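Read-outs throughout are calculated quantities, based only on the coordinates presented, and are distinct from any laboratory measurement. Source: prediction; values computed, not measured. Quick reminder, even Gly has a Cβ in these numbers, built from the backbone with ideal geometry, and neighbours come from all protein chains shown.
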Amino acid sequence: MMNTVFSKAFFFLLLVVGGSVNLASYGGLSSSLRLGPVGALASTAPKDMPLSDLPEEFWFNDVSGESHWEDPTVEYKDDEGNTYWVDPELGESVWTKPAAAAWEATESTDPDHNGQTYYYNTVTHESQWEKPKELAWRKVKTADSHGAEL
């Protein structure tokens, strides 16, 4: 009974806030659902974890669709106020800004694109109109993400 209740709550959370699931493994259904942003997250929670025990917030990337419980921030300050980064590709602390952390949003002044936002990487000197995934992380309240209080 508890497992069925959790499964229904788990599906509700996934359905409203994100991801996808193959229903074949749930009662032999042959269809699949396209779910919202927390789908990848919920699959990392232990199956016996009550919804009320989920963290209050998670991180969602609007470009890649990834979800993480952990803060994906790569820029930090040490005890003396010096800035350092954790290179997302290497997973190591570095004193120079890695390319993945060097994107900046800039407003275009070009007459054809006046006021439109473009993105510039200060390390690689690349520019693009599409928002890079490194700038697309936002914090989402778990309770707000599925429309119910935990």
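Phi angles across the range 102-109 convert, under the Karplus curve 6.51 cos²θ - 1.76 cosθ + 1.60 with θ = phi - 60°, into 3J(HN,Hα) values of 9, 7, 10, 7, 9, 8, 6, 10 Hz, Gly and Pro given as x. Its convex hull of Cα atoms gives the range 84-140 a direction-averaged projected area, equal to a quarter of the hull surface, of 5.0 nm². Residue order for V140, V94, fewest other beta carbons within 10 angstrom first, comes to V94, V140. Taking θ as phi - 60° and the Karplus parameters 6.51, -1.76 and 1.60, the scalar couplings of the range 125-138 work out to 6, 7, 9, 7, 7, 6, 5, x, 4, 5, 9, 9, 7, 9 Hz in sequence order, x denoting glycine and proline.
Here the 3J(HN,Hα) profile of the range 76-85, calculated from phi with Karplus coefficients 6.51, -1.76 and 1.60 at θ = phi - 60°, is 9, 10, 7, 4, 9, x, 7, 7, 9, 10 Hz, Gly and Pro shown as x.
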